[in-house]
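Visitor: Below is the structure I would like to discuss, written out as structure tokens.
The values are calculated or read from the model by the stated rules, or taken from the named source; none is laboratory data. On a predicted model such as this, the values are computed, not experimentally measured, just so you know. Glycine also receives a Cβ, built like all others from the backbone with ideal geometry; neighbour counts cover every protein chain displayed.
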Protein chains: 2
Amino acid sequence: MQSLIVKTPSHSYPIYIKAGILGDFSYFQPHITSKVAIVTNTLVADLYLQKLEHLLSANGVDCFSIILPDGEQYKTHDSLNQIYDALLRHYADRKTTILALGGGVIGDMAGFAAATYQRGIPFVQIPTTLLSQVDSSVGGKTAINHPLGKNMIGAFYQPQAVLVDLNVLNTLPNRELSAGMAEVIKYALLGDEQFLQWLERNIVAIMQRDETLLSELILRCCQMKADIVAQDETEQGVRALLNLGHTFGHAIEAEMGYGVWLHGEAVAAGMVLAAKLSEQLGYLSAADTVRIQQLLQQAGLPDAPPVFALEKWIQHMQHDKKVQNGKIRFVTLQKLGKACIDVIQDVAILRNTLHEYLPH
Amino acid sequence: MQSLIVKTPSHSYPIYIKAGILGDFSYFQPHITSKVAIVTNTLVADLYLQKLEHLLSANGVDCFSIILPDGEQYKTHDSLNQIYDALLRHYADRKTTILALGGGVIGDMAGFAAATYQRGIPFVQIPTTLLSQVDSSVGGKTAINHPLGKNMIGAFYQPQAVLVDLNVLNTLPNRELSAGMAEVIKYALLGDEQFLQWLERNIVAIMQRDETLLSELILRCCQMKADIVAQDETEQGVRALLNLGHTFGHAIEAEMGYGVWLHGEAVAAGMVLAAKLSEQLGYLSAADTVRIQQLLQQAGLPDAPPVFALEKWIQHMQHDKKVQNGKIRFVTLQKLGKACIDVIQDVAILRNTLHEYLPH
């Protein structure tokens with residue numbers, strides 16, 4: 001078992017990483033109350049819900065489940081309202097704990113429901129995708145999408161604990177494993193060049209799901225995220241670097257329709273664009289960008305965005321949460337392993353960055 | 001000018017109480033950003049919106065307004081969504097400040113929008129009713145109603161400042177002034193017997209809107225609330241005492257339909273029931289309850305609830321946020337000026353408390 005503590009001004013909590021946690025009540029017991037609402041989706045429910053319900057019931061926990069449809073396109077107010085309705089119908093009170101059993105979409109929605117139901121009730125993250133294990137379950141960002149922008153409505157709200165069961169990766173589709181690797185590669189690019197080299201050396205075995213390598217990789221990413229969140233819980237400064245590839249990525253998701261590209265796939269293409277923007281700014285060489293593209297390809301990820309008009313890119317990016325006083329801010333790479341923030345006001349720079357991918 | 005500071009673990013902020021604040025930019029300037037969204041309702045907009053917009057524009061602030069329908073029945077997700085939509089249409093970002101110009105409904109909704117738009121943006125309360133000046137604008141409770149329960153969806157989120165302009169009380173309808181006095185009387189009953197005597201001595205002049213008395217009364221209530229919130233920001237303990245009369249009151253509002261009884265009116269009747277429950281528990285005498293009823297009458301408030309069935313009372317109260325592990329908790333009065341919390345499990349006690357007001 002590996003573990004670490006996430007320390008934030010509002011609240012500190014543990015992350016446990018181990019195969020078999022879903023069958024071991026001792027990991028749940030210190031972090032839940034006597035009444036529990038499990039929020040999950042149809043896909044994950046088929047695989048793991050019965051096991052978890054049985055574990056809780058066998059240990060005297062009063063639990064009920066809320067099963068939502070699967071996919072980013074359901075990360076909406078309607079789904080959130082289904083959670084509220086079920087909580088109210090079951091007379092959930094401030095001593096009820098929400099368990100988020102699923103990937104990033106479930107974690108974000110269940111976390112936001114926990115943040116706002118009766119002005120806040122406890123919740124525990126049980127991430128079931130690589131992406132949520134290395135990224136979205138840690139750090140307390142919760143949200144739903146709005147038709148005009150991704151994650152526009154949300155809260156910073158920390159869980160009581162994050163329980164990462166390595167066994168769930170055995171049932172993860174390849175496309176989802178790749179999507180998770182996009183965020184893993186993001187950590188390496190923004191802050192750790194040695195980790196980037198480690199990934200390049202081990203990418204083939206990782207994609208074959210070597211458990212030891214996956215455990216090591218999850219711990220490393222969670223530790224990087226925990227360090228950044230401890231410095232900046234509410235994204236006033238350094239935390240924004242975690243959005244490497246996300247300004248372009250969110251535009252791709254919004255343009256294509258949520259769920260058509262997986263979040264990780266959009267971030268992968270977004271990181272290629274962040275690298276090309278960094279070339280425009282004189283930070284990176286073309287060879288650096290190619291190196292990123294090669295690693296993404298080996299991880300089964302796109303290394304280019306879909307083609308759409310510059311005006312669309314700008315329109316979507318103006319709704320980004322990193323916009324301040326109307327200026328679009330990008331996470332760029334000063335070199336591989338070191339990210340920074342740049343305000344780009346010159347549309348020509350964006351046109352040059354995107355020119356291969358604009359319609360002719 | 002009178003002022004005080006509300007100190008909470010998450011954030012400290014000032015309350016200013018003065019006639020004419022809406023015409024004095026110096027009270028706004030330290031607490032707002034260069035872009036501002038004013039959230040208000042149709043009624044308040046007619047009276048004060050132009051004045052405020054002019055003040056801000058004349059001082060170089062980029063502002064736009066969101067005007068919602070007036071009334072508790074509009075404290076819904078639909079209204080909240082109107083705020084989100086307007087913020088997105090105007091490209092509001094994390095450096096945009098929301099000004100809540102209105103009573104408790106506007107303050108609660110605008111505050112919740114601020115708490116959740118892009119995971120939190122700054123906001124300033126400008127309460128325009130006595131009720132919101134003495135109670136709801138202070139302490140960071142924000143919320144919307146859900147069809148199954150009042151204030152069920154919300155967040156604890158503190159404003160940057162609370163600006164109380166005494167002049168706005170001149171346009172407040174008598175019924176709203178009375179509703180505000182319900183919360184004022186609540187403070188006296190739950191924590192300050194001397195203040196109760198002061199109110200009994202001055203109630204006639206207060207209802208004639210004596211400005212000095214109103215200023216004194218607002219300061220005293222805000223100070224009591226600030227002290228309680230400083231001890232217990234997220235209502236784990238002592239803060240629950242502020243809900244005196246509210247468990248019964250929320251049931252009245254839910255049963256009658258939001259907006260039929262004003263919140264303050266429902267709280268007034270709820271306090272009479274809390275007193276009668278306190279009699280049942282052997283704390284208060286019948287004379288104490290009569291004394292409360294007389295003061296409520298002098299303040300133009302109901303001293304009895306509407307008639308409906310016991311099952312309805314219990315059904316509504318089981319959705320109260322003070323329910324813990326399924327048990328309904330009531331704020332009761334050990335004596336006039338001292339409140340406590342009691343868990344009532346014996347339905348006979350509730351039946352005796354309500355028996356005058358149950359259908360025959």
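Visitor: Sort out which residues of region B:45-84 are surrounded by fewer than 18 Cβ atoms within 10 Å (Cβ to Cβ), within 14 Å of another protein chain (Cβ to nearest Cβ), farther than 27 Å from B:GLY257 by Cα and not aromatic (Phe, Trp, Tyr), and write them in order of number.
Guide: Of everything in region B:45-84, those that are surrounded by fewer than 18 Cβ atoms within 10 Å (Cβ to Cβ), within 14 Å of another protein chain (Cβ to nearest Cβ), farther than 27 Å from B:GLY257 by Cα and not aromatic (Phe, Trp, Tyr) turn out to be B:GLY60, B:ASP62.
Visitor: Considering (1) closer than 20 Å to B:LYS321 by Cα; (2) surrounded by fewer than 24 Cβ atoms within 10 Å (Cβ to Cβ); (3) among the polar types (S, T, N, Q), say which one A:THR96 fails and leave the rest.
Guide: For A:THR96, the exception is condition (2).
Visitor: May I ask you to verify whether A:GLN318 is surrounded by fewer than 18 Cβ atoms within 10 Å (Cβ to Cβ) and either under 29 Å from A:ASP227 (Cβ atoms) or touching a Ser or Thr at 6+ places or on another chain (Cβ under 8 Å) (or both)?
Guide: no
Visitor: Are any of the residues in region A:332-345 in contact with a Cys (Cβ under 9 Å, 6 or more places away or on another chain), surrounded by 20 or more Cβ atoms within 10 Å (Cβ to Cβ) and either touching a residue at least 24 places away in the same chain (Cβ under 8 Å) or among the small types (Gly, Ala, Ser) (or both)?
Guide: Yes, some residue in region A:332-345 is in contact with a Cys (Cβ under 9 Å, 6 or more places away or on another chain), surrounded by 20 or more Cβ atoms within 10 Å (Cβ to Cβ) and either touching a residue at least 24 places away in the same chain (Cβ under 8 Å) or among the small types (Gly, Ala, Ser) (or both).
Visitor: Quick one: would you say B:ALA287 is out of contact with any strand residue (DSSP E or B) (no Cβ under 7 Å at 6 or more places or on another chain) and either farther than 20 Å from B:TRP198 by Cα or not hydroxyl-bearing (Ser, Thr, Tyr) (or both)?
Guide: Judged against the criteria, B:ALA287 is a match.
Visitor: Among the residues of region B:114-139, which ones are aliphatic (A, V, I, L, M), in a helix (DSSP H, G or I) and either within 18 Å of B:HIS11 (Cα to Cα) or modelled with pLDDT under 95 (or both)?
Guide: B:ALA114, B:ALA115
Visitor: When the residues of region B:309-331 are narrowed to those that are within 20 Å of A:SER34 (Cα to Cα) and in contact (Cβ under 8 Å) with a residue 40 or more places away in the chain, which ends up nearest to the other protein chains (Cβ to nearest Cβ)?
Guide: Filtering first and then ranking leaves B:LYS321.
Visitor: Would you mind finding the one in B:GLY107, B:GLY120 that is within 14 Å of chain A (Cβ to nearest Cβ) and within 19 Å of B:HIS31 (Cβ to Cβ)?
Guide: Exactly one of B:GLY107, B:GLY120 is within 14 Å of chain A (Cβ to nearest Cβ) and within 19 Å of B:HIS31 (Cβ to Cβ), namely B:GLY120.
Visitor: Can you pull out the residues in region B:31-77 that are among the basic types (Lys, Arg) and over 13 Å from B:ILE126 (Cβ atoms)?
Guide: Those that are among the basic types (Lys, Arg) and over 13 Å from B:ILE126 (Cβ atoms): B:LYS35, B:LYS75.
Visitor: So, one more: Inspect region B:110-133 for any residue being buried (at least 24 other Cβ atoms within 10 Å of the Cβ), of a type in the set (D, E, K, R) and assigned by the TED database to the domain that holds B:VAL61 and give the result as yes or no.
Guide: Within region B:110-133, not a single residue is buried (at least 24 other Cβ atoms within 10 Å of the Cβ), of a type in the set (D, E, K, R) and assigned by the TED database to the domain that holds B:VAL61.
Visitor: Further question on the same structure: List the strands (runs of 3 or more DSSP E) inside region B:140-231, counting only whole elements, that have at least 2 residues being within 14 Å of chain A (Cβ to nearest Cβ).
Guide: B:141-146, B:149-156
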